[in-house]
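Data block below; observations after.
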Ligand code: VG1
Ligand code: CO
């Protein structure tokens, strides 16, 4: 500012006039990028892609706005939040400037730009927004050398469906310009309303910075019995729990809801300060990456443990001494004990659903309780339609996602409160509850092998050849023997889903081999990796009586068959998986 020598009042006046003059809306020419197809859950790339490719972010954001009919966009409300990772704030600045220039009337943004994925879903629904942006690459590492991502959710609060993401991708391939208000700067630190006058616009553009936890906490209060949970967590003889936020977005939620409101002692919550690089760790709640939690559970001091991914939609549940509950079992146990959750006592249970690769443990509960079961492709978006149609109450994925129809995203803290409600009601340990479940229903042994960062061509070629092989009629009835185990193929296909509500067909959702005893081998390429390809093999096998054995031992024959059929090691040059879940 060149007027430093002028008296203060003159300076103030100048600033005021600048602030009051309407902000300019610019149309900026740009050129398309070929690789902006949103995958299973948003667009994920290395941070440097967003930083170094000119207008990369702008192109994608404009493609999203352009995919929304102008009549729906004009004057609308949208929501913005993120998991706090590196590039979060820079991206929010651009989104705000472009939202204003694209006719959005009001943005609701989480304090400091932070809001978990389930909370964004909740806020979209609460404010009747037409959609929202979630700045996250979920469980992928963060920091300048890590990943950044953008999830786009629609008016029901859930991830955009394939028709919409296809449209966004098509627009991104031909985009020529974007609209932006470069002079608009929002203050993410101050709660409350900020208004901005724009050139050629009658109405001011409004930004509301909201408490990131409040609306979501309110929702949970109406789902669970907070008084009973408080007694269970902080009364005499309270249970001891340990929650690991892994430096992602859930920290503030855990602190406010579990510690402040439900009275958990301070040592119940660890890694609760959101960090731009998640402390250099993988914010992925599994036995390999949630090491702080796994270590602290070993000595038996804590009765219950849980970890969360960066954006708060994935959860891992552990019992005393680190007893691991597979996400597929967790879902089945919650289903079997669903009336421990007051919400479902009021709404009743309309249906259960799981993603195709998730173990069939839930199917047995559905059958016994005569509740409808839906099997959807991987990815949460498929559950939303069923929920909107009043057909689905509880669902989950083997990838540590669990949730109900209170929102349209998987919800990690909800899963923890669901488990705590079950523990409080049944007054048994996590391990006893899971073992009782196996005794009642038998056990679905389940494992997933991930081969990360595989050469894309090698992975695609392998999948293509595999599809040709398993689609051949002669493949059915083939027998595979390993040691004394013999498996006969009953059915094999490329999984295809017809949405029961709108009859949309989704093809190529994973290759399935189903054996005559119900065991399954599934092959899929991941849609969330930003480095090469990730091949996933899922193995699910049911045992009625042999229920207390080691998973890897039990599934070893099927794993051998899975590798033999696919020739995966030979085709990719790998000698083993990067991660086994
Ligand atoms: C993975 C999981 C899938 C999940 C998706 C998004 O996808 O397998 O079940 O819905 O991540 O989770 P993929 O294509 O990599 O297998 V999240 O927590 O990133 O929103
Ligand atoms: Co996530």
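Every number in this text was worked out from the coordinates using simple rules, so none of it is lab data. If you're wondering where the values come from, they're calculated on a predicted model, not measured in any experiment. A quick note on method: Cβ atoms are made from the backbone with ideal geometry, for glycine too, and the neighbour counts reach across all protein chains shown.
Among 240, 71, the order by Cβ neighbours within 10 angstrom, fewest to most, reads 71, 240. Taking a ≥ b ≥ c as the square roots of the eigenvalues of the alpha-carbon gyration tensor, the stretch 277-362 is classed prolate because a/c is 1.5 or more and a/b outweighs b/c. Within the stretch 201-311, the ratio Rg/Rh, alpha carbon atoms throughout and Rh by Kirkwood, equals 1.08.
Principal-axis analysis of the Cα atoms of the chain puts helix 551-566 at an angle of about 80° to the longest axis. Inter-part distance, the stretch 483-519 to the stretch 47-108, computed on C-alpha centroids, equals 38 Å.
Rounded to the nearest 5, what is the percent of antiparallel bridges among the DSSP beta bridges in the chain? Percent antiparallel among DSSP bridges in the chain is about 70.
Taking the inverse of the mean 1/r over every pair of distinct Cα atoms in the stretch 252-292 gives a Kirkwood hydrodynamic radius of 11.4 Å. If you take the Cα centroid of the stretch 271-301 and the Cα centroid of the stretch 30-44, the two points sit 30 Å apart.
Among 120, 482, 416, 186, the ranking by other beta carbons within 10 Å of each residue's beta carbon, starting with the fewest, stands as 482, 186, 416, 120.
Specify whether the C-alpha gyration tensor of the stretch 131-258 places it in the rounded, prolate or oblate class, a ≥ b ≥ c being the square roots of the eigenvalues: rounded for a/c under 1.5, otherwise prolate if a/b is larger than b/c and oblate if not. All intermediate terms of the calculation are to be shown ahead of the outcome.
Details: a/c = 2.28, a/b = 1.73, b/c = 1.32.
In terms of gyration-tensor shape, prolate.
Once you have a ≥ b ≥ c as the square roots of the Cα gyration tensor eigenvalues for the stretch 438-581, tell me rounded if a/c is under 1.5, and otherwise prolate or oblate according to whether a/b is larger than b/c. The shape class here is rounded.
Give me the distance between the Cα centres of the stretch 371-433 and the stretch 169-212, rounded to whole Å. Centre-to-centre distance over Cα atoms comes out at 35 Å. Using the alpha-carbon positions of the stretch 40-197, Rg (one decimal) and Dmax (whole number) come out as 14.3, 40 Å. Helix 162-174 and the longest principal axis of the C-alpha atoms of the chain enclose an angle of approximately 50°.
Treat the count of other C-beta atoms within 10 Å as a stand-in for reagent exposure and order 436, 450, 69 from fewest to most.
Lowest to highest Cβ neighbour count: 69, 436, 450.
Return one number: the angle in degrees, 0 to 90 and rounded to the nearest 10, between the long axis of the Cα atoms of helix 8-20 and the longest principal axis of the Cα atoms of the chain. So the inclination is approximately 60 degrees. With Cα atoms as the point set, the chain shows a radius of gyration and Dmax of 24.8, 92 Å. Here the translational diffusion coefficient of the stretch 240-386 follows from Stokes-Einstein with Rh set to the Kirkwood radius across Cα pairs; for 10 °C and 1.306 mPa s it amounts to 96 µm²/s.
Just the number, please: percent antiparallel of the DSSP beta bridges in the stretch 282-387, rounded to the nearest 5. Expressed as a percentage, antiparallel bridges in the stretch 282-387 total about 65.
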